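Encoded as structure tokens, the structure appears first; notes follow it.
Each reported figure results from applying straightforward, stated rules to the coordinates on display, with no laboratory input. Model, not experiment: these values are computed from the prediction. Cβ sites come from the backbone with ideal geometry, for glycine too, and all protein chains shown count toward neighbours.
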Amino acid sequence: MDLHSPIITLPRVGQTTYALLKKLGLETVHDLLFYFPFRYDDFSRSVSIASLQADTTANVSGEIELIQNKKSFKRRMSITEALIKDETDTLKVIWFNQPFLTRTLKVGDKISLAGRVSENYGQLAMVSPVYEKIYSDELVHTSGLVPNYHLTAALTQKQIRFLIKQIISLADTTEDWLPTEIKKRLNLLDLGRALRQIHFPKNHAEVLTAQRRLAFTELFLRQLKAQMIKRQLRDRRALPIKFQEAATKKFVDSLPFKLTDDQRKAAWEILKDLEKSAPMSRLLEGDVGSGKTLVVILALLNTALNKRQSALMVPTEILAQQHFHSISKLLAAYNFNIALATHHRKDKDWQNADIVIGTQALIQKNIKFKNLALAVIDEQHRFGVAQRKKILEVGLTDETTKSSLTPHFLSLTATPIPRSLALAIYGDLDLSVINQLPTGRQPIITKIVTEAGRSAAYDFIRAQIKAGRQAFVVCPLIDESDKLGAKSAKQEYAKLTADIFPELKIGLLHGRLKAPEKEKVMADFLDNKLQVLVTTAVIEVGVDVPNATMMLIEGAERFGLAQLHQFRGRVGRGGHQSHCFVFPSREEISNLQTIERLEALTRHRDGWELAKIDLKLRGAGELYGTGQSGFPELQIASLFDYANIKKAAEEAKLLIHDDPELLKYPRLKQQLGKWEENAHLE
Ligand code: ADP
Ligand code: MG
């Protein structure tokens, strides 16, 4: 067996398990090694039964004195009861609905248990602990720090731990591509050791050192790529776009509102860059609702007035359509040829339009733009650095001049990170920041609503809709699922239509609808033909419907605070007072941590502040979730790790300065290539 062996060759992996693992992107031993846990249960405190205390998590071991199944007729479930004895005392253990346990666990067996201790009528008991039979000294599931992985429903933590345990010795056969000098200088672990420690740490210190090394890896690759792009761009030429001052002023004056000072300043920085014959590389950062699109439109307008082509790439189909409609409307007077290009709808001859708006479809192979002079990526935190490189590579030859040119590049993000951090992580980009929201925006009133308040919230929504407004209802899932309690958009849509708002027009929007359906629903909501839009996280990015003033979020605890803040940013975009109602799931009401997190949302308006609070409250237990970092390439590194980010930037700069083509580091170069391929699109 080696790193390339398919997982199916491992013991206890049949076709079913294999298919499930494949769903997680795990096909080879190598994939498994690089599938990191997101959290650890701490069972490092193994204690005697006599010293157990109620309401703590603990690990005990002993011998089974008694084990039997019972039926609870009242609650229609089966209960397995056991008594476990060590030198000090006896402990009662209960499992629900696992009658098969009595087939594996027998009186006299030695077992190790890990779980929560609770008190019932003065007696301590462990309810549904994780168990493991003791055959030898080595326990995987119930002692020390036990890794937890993100899994699909049908796979268990035990299964994946068992698999990784079998292959972990191969960690040392991985090729460590990080240059030795860097490891020495920064005191970073070798790759093999880091992999062993991240999966099976002996203590917290081992988790931290492993994490540090693996996080550095991700940041370093990202920085290397960015530095390489910067270097390549240094010698490139771009088409200068002349600032059309009078026309720009006329357009701005025609708008129904005044630009904010920050919008003006950002637009000015961008338009000045465009006048140069060196390609612009700029990041426009501004919290949700700060009006970034308008700044972009000024750049598109100037480019089109110069008779040059521009492209705007966005992460979702819905957003592409919305931008297409609003930009077409705003620029209607100019008779530009504005085209839409997504996987589902491509306007005829779009590669020759003045302004092209689209999704990743814009950067597919063999696409030739006419004379692309400006490329803009909206919501760039959803894309990786590799996509940026691609968009710079399309349309490189100017058909008019036959010379090789690079488009000016602008990327937009609402990941509201502080300037110093932005400069470190986007070391190669210039930065424009919009710090203020347009004037006249009232803060969105945010409230946590429990089931008791549900019907009052519905009444409020009904009244607001009567006054002409509209509402979003966001659910964690599209379909019903076996995950208990989570609301699905489809269910919620059915309920609202039939029982709650039968008199209103309600739409349903989610990522699995066909493109034309999505388009229709979104257009109807924009036109206020639909008054309520039931949806999922697809509306997280960018959607702009100023007349929508109410946002209702179901199962709110399932989302991160930064994400909830993005949802909330969908309302409060017009002049009307907006409201956001946050509904925790029924069983979460008594979860103090959940309530504390959601409370933070009601008090803070600053996305970065919220992201920090989220991290603090979820604490060390939840180390990193998928997509929490805000960067698709970062699985383990955190945006909060400023020191590591800075170090990675410095080291990458040094290395590229000394050896721009990485000739001395063939392994690193190969790794960078692989990483670029894998940097996936969402
Ligand atoms: P984001 O920065 O989140 O992309 P948008 O560009 O979508 O924000 O703008 C949010 C809303 O604010 C839009 O409806 C837009 O028309 C409006 N808007 C933009 N600039 C201003 C302004 N200076 N004054 C008032 N409203 C504005
Ligand atoms: Mg936007």
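Which order, highest average first, do 298-311, 572-585, 491-504, 648-661 follow once you tally other Cβ atoms within 10 Å for each residue and take the mean per peptide?
So the order, starting with the most tightly packed, is 298-311, 572-585, 648-661, 491-504.
Taking the mean number of other Cβ atoms within 10 Å as a proxy for protection, how do you rank 433-441, 277-285, 407-415 from highest to lowest?
Packing order, densest peptide first, comes out as 407-415, 277-285, 433-441.
Take the Cα pairs of the range 420-523, get the Kirkwood Rh, then feed it into Stokes-Einstein at 37 °C and 0.692 mPa s and tell me D in µm²/s.
186
Write down the Å³ per residue value for the convex hull defined by the alpha carbon atoms of the range 267-358.
It is 112 Å³ per residue.
Go ahead and estimate [θ] at 222 nm for the chain from helices alone: -39,500 (n - 2.57) per DSSP H run with n ≥ 4, summed, over the residue count, rounded to 500.
My calculation for the chain gives -10500 deg cm²/dmol from helical runs alone.
Contour minus end-to-end for H343 and K165, with contour as 0.36 nm per residue of separation and end-to-end as the Cα-Cα distance? It would help to have the intermediate numbers written out before the result.
On the way: separation 178, 0.36 × 178 = 64.08 nm, distance 4.22 nm.
In short, 59.9 nm is gained.
If you project the alpha carbons of the range 342-389 onto the principal axes, what extent comes out on each, in Å, largest first?
Extents along the principal axes, in whole Å: 29, 25, 19.
Cross-link list K22/K612; K92/K158; K202/K674; K490/K612; K165/K647; K23/K487: which exceed 25 angstrom alpha carbon to alpha carbon? Mind dumping the intermediate values first?
Working: K22/K612 34 Å; K92/K158 23 Å; K202/K674 31 Å; K490/K612 33 Å; K165/K647 32 Å; K23/K487 23 Å.
Those over the limit are K22/K612; K202/K674; K490/K612; K165/K647.
Mind ordering 219-232, 594-607 by average Cβ neighbours within 10 Å, highest first? All intermediate terms of the calculation are to be shown ahead of the outcome.
Values: 219-232: 21.8, 594-607: 17.0.
Result, highest mean first: 219-232, 594-607.
Restrict the search to the range 32-132; then list the GluC sites (Glu not before Pro) that DSSP places in a loop and that have at most 14 other Cβ atoms within 10 Å of their Cβ.
E87
Where does the charge balance sit around S310 when Lys and Arg score +1, Asp and Glu -1, over other residues with C-beta under 13 Å from its C-beta? Don't skip to the answer; put the middle values down first.
Working: positive: K307, R308, K370; negative: D354, D378.
So the surrounding residues net to +1.
Kindly provide the GluC sites (Glu not before Pro) of the range 134-242 that DSSP labels as loop, not H, G, I, E or B, and whose Cβ sees at most 11 other Cβ atoms within 10 Å.
E138, E175
Report the per residue volume, in Å³, of the convex hull enclosing the C-alpha atoms of the range 50-96.
In the range 50-96, the Cα convex hull volume per residue is 85 Å³.
Mind checking the range 63-103 for chymotrypsin sites (Phe, Trp or Tyr not before Pro) that DSSP puts in a loop (not H, G, I, E or B) and that have at most 10 other Cβ atoms within 10 Å?
Of the chymotrypsin sites (Phe, Trp or Tyr not before Pro), the ones in loops of the range 63-103 whose Cβ has at most 10 other Cβ atoms within 10 Å are F73.
Over the Cα atoms of the chain, each weighted equally, I'd like the Debye log10 I(q)/I(0) at q = 0.08 Å⁻¹, rounded to two decimals.
-0.72
Helix 592-603 versus the longest principal axis of the chain: what angle, 0 to 90°, nearest 10, using Cα atoms?
20
Any chance you could get the radius of gyration and Dmax over the Cα atoms of the range 460-602, in Å?
According to the Cα coordinates of the range 460-602, Rg and Dmax are 14.5, 43 Å.
Relative contact order for the chain using alpha-carbon pairs under 8 Å, separation at least 6, rounded to a whole percent? Write down the numbers at each step before the final one.
Values: 1271 pairs, mean separation 83.6, N = 682.
Once divided by the residue count of the chain, the mean separation gives 12 percent.
Using the Kirkwood radius over Cα pairs, work out the Stokes-Einstein diffusion coefficient for the range 45-142 at 10 °C and 1.306 mPa s, in µm²/s as a whole number.
Approximately 117 µm²/s, per Stokes-Einstein.
If you project the alpha carbons of the range 237-434 onto the principal axes, what extent comes out on each, in Å, largest first?
38, 37, 34
Quick one: Cα centre-to-centre distance for the range 217-267 and the range 165-199, in angstrom?
Cα centres, the range 217-267 to the range 165-199: 40 Å.
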